[in-house]
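Report on the following structure.
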Amino acid sequence: MTPHMILTNARILTMDPDCPKAEAIALSGDRIAAIGGRSEIEALAGPATEVVDCMGATVMPGFVESHLHLVLGGTELAHLQLTHVEGEEALARAFHDFAARNPDQPLLMAQGGHYAILDHPMTRHDLDRIIADRPIAITAHDHHTVWANTAALTAAGILHGGKTPPGHEIVMGPDGTATGELLEFEAFAPVVALGGESRLYLGIATGGEPSPWPSEAEQAIDRAKAARGLAHAARHGITSMVNMDGNRYTLELLRGLQREGALTARVKVPFHFKPHMELSELDRADQMTKDFDDDWLSCRFVKMFMDGVSDSRTAYMLNDYPGHPGHRSEPLFPGPRFNEIASEADRRGMQIAVHAIGDGAIRTTIDGYEAAQKANGRRDSRHRIEHIELIDPADVPRLAALGITASIQPVHAPGAMDFALQPTLDTIGRDRWKDFFLCRTLVEAGARIAFASDWPVTDVSVLRGIGAAMTRPIYEGTSDQRIPLADVLRAYTADGAWAAHWENLTGTLKPGMAADVVVLSDDIEAVPHEDIAKMSVRRTICGGKTTYISE
């Protein structure tokens, strides 16, 4: 069959060890038809073939984003962005401008505020000084804390507190009213609901479904937000993604886009298992897996949270937080309970992905995967640990031994990209820096890794992520945790595909594989590491169709 597109004059990195580099690639339909030298591939062109001169730039498999929140990211593109906003004056200026542009918005929600944006812990009174007569709120960059003003707390009905499950907290002041700090999803869900977006947060907050089921008009609004997220991802070369929150509603929204021909990436969506659920709820995961199982939409995996984050001291640690005697936080799933859930999900053939940031949470998760393996026998499960920020040295070799995938976000390392060194480094304590954000150590111990952004926690740009991975700082007294560029690129392509059980579909450029391709602006192997983040995506192709082309 004559190819409909040929990309030529390129430096192609195939991620195929049998043919690691090439000059041209031919696409036919939704598959790769041929790959090789320029003259060989250009000879395949017919009169209708689009021939693209890549001008010596890198061509790679479309990027696999191994951990993001697609619909939340698409939704939050319309919120106030606070990345690099510092201090009360700048914060007030940003909010006042946003308020003026959105006079009818029921909630003025900002994203990307970090824990030291003010020179003291933020309270509702700080936000009241900025705007007191309209509900305003700030979501922390890690999305595990929200700060709200008095108007927002009052409108949400939580100024005087409220009931939350373990691990979620409406922080109360000595006067019996909320301070404005809301820890974890179910504490700040009432504030989020003010903006009319609560049904899109169910996949991460409760794991439940919207009730009543949204009307077609409401679904169309939500599909538009998902489509906005997909378009944003396509601009950055992403053709496959593992969504890390989910329910059936998320899959139905994406299927609606698929029917319209508007699904521009392959998406894996989990069943989110929450602490309040019984094991029988996994029947919902089975049904989602049965009903969504093609090359574009799939499930067959369960997501769980084992802890929170270190900056708010909700990450579960093996030892006390420095300066906070007796405080280690707690696992959202105690060990015996997690062992039971992991064993049952594994028995059903599900892949499991667990958010685990503290060394206590990571050990509990590894122990659970080991228990599942003992209960059911070893299989090619590729169970995952998401984040792995602080790990005890004794647990490092256990990942490879148990076949656990290390799903890491190199952009989260303090100082690597948008996250400052402080207060995070002080929160965990200097003596633990050597065990913090390990990457090279895990690779050298034999663990398979997949890289991602956790968008909208950080910028979804894969090129910025690659740059961050190559230039991240070495913390004082610690070893260099960077890995070679070739390994970083694999972690965003072939190894990310492997981690999602997609290795026979995407992540590698060779005949018969999906025509998922990204064309970069330059030769990434020749660009200095500090300049990779300045590169751009020239074209994104998914399933043989161009989903983004630069102007």
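A short reminder: the numbers here are calculations on the coordinates, not readings from a lab. Predicted model only: the values in this text are computed from it and were never measured. As a convention, Cβ positions derive from the backbone with ideal geometry for all residues, glycine included, and neighbour counts pool all protein chains shown.
What to note about this one:
- Inter-part distance, segment 311-376 to segment 402-430, computed on C-alpha centroids, equals 18 Å.
- Relative packing of peptides 286-293, 494-501, 47-54 - highest average C-beta neighbours within 10 Å first: 494-501, 286-293, 47-54
- Protection proxy ranking, highest mean first, for peptides 237-248, 100-111: 237-248, 100-111, where packing is the per-residue count of other beta-carbon atoms within 10 Å, averaged.
- Judged by the ratio a/c of the largest to the smallest principal axis of the C-alpha gyration tensor, segment 438-551 counts as oblate, that ratio being 1.5 or greater while a/b is no larger than b/c.
- Estimated distance in nm for a label pair at Asp97 and Arg259, the labels positioned 7 Å out from Cα along Cα-to-Cβ: 4.2
- Using R0 = 41 Å, the C-beta based FRET efficiency linking Asp175 and Arg337 works out to 0.65.
- 10 Å beta-carbon shell around Leu438, net charge (K/R +1, D/E -1): -1
- Spacing of the two label points (7 Å from each Cα toward its C-beta) at His529 and Asp30, in nm: 3.9
- Segment 303-442: C-alpha pair distances exceeding 26 Å, %: 22
- With respect to the chain, whose longest principal axis is taken over its alpha-carbon atoms, helix 335-347 is tilted by about 30°.
- Among residues other than Thr546 with Cβ under 10 Å from its Cβ, the summed charge is +1 (Lys and Arg +1, Asp and Glu -1).
- Unsatisfied cross-links (Cα-Cα over 30 Å) in the set Lys510/Lys534; Lys225/Lys534; Lys225/Lys545; Lys225/Lys290; Lys163/Lys434: Lys163/Lys434
- If R0 equals 45 Å, the separation of the Cβ atoms of Asn9 and Ala217 corresponds to a calculated FRET efficiency of about 0.40.
- Neighbour counts of other Cβ atoms within 10 Å put Thr364, Thr471 in the fewest-to-most order Thr471, Thr364.
- Taking 0.36 nm per residue of separation and subtracting the Cα-Cα distance, full extension of the segment from Glu503 to Glu88 would add 144.6 nm.
- When you count the other C-beta atoms within 10 angstrom of each residue and take the mean per peptide, 210-216, 354-360, 512-518, 26-32 line up highest first as 354-360, 512-518, 26-32, 210-216.
- For the chain, calculated [θ]222 nm from helices alone, where every DSSP H run of n ≥ 4 adds -39500 (n - 2.57): -9000 deg cm²/dmol
- Evaluated over segment 1-51, the Cα radius of gyration and Dmax, each in Å: 10.3, 33
- Segment 106-194 - convex hull of the alpha-carbon atoms, volume per residue in Å³: 88
- Crossing angle, helix 462-471 versus the chain [Cα axis fit, 0-90 degrees, rounded to tens]: 80
- With Cα atoms, 0 to 90° folded angle of helix 87-101 axis to the chain main axis: 70
- The slack between Lys163 and Lys290, meaning 0.36 nm per residue of separation minus the straight C-alpha distance, is 42.2 nm.
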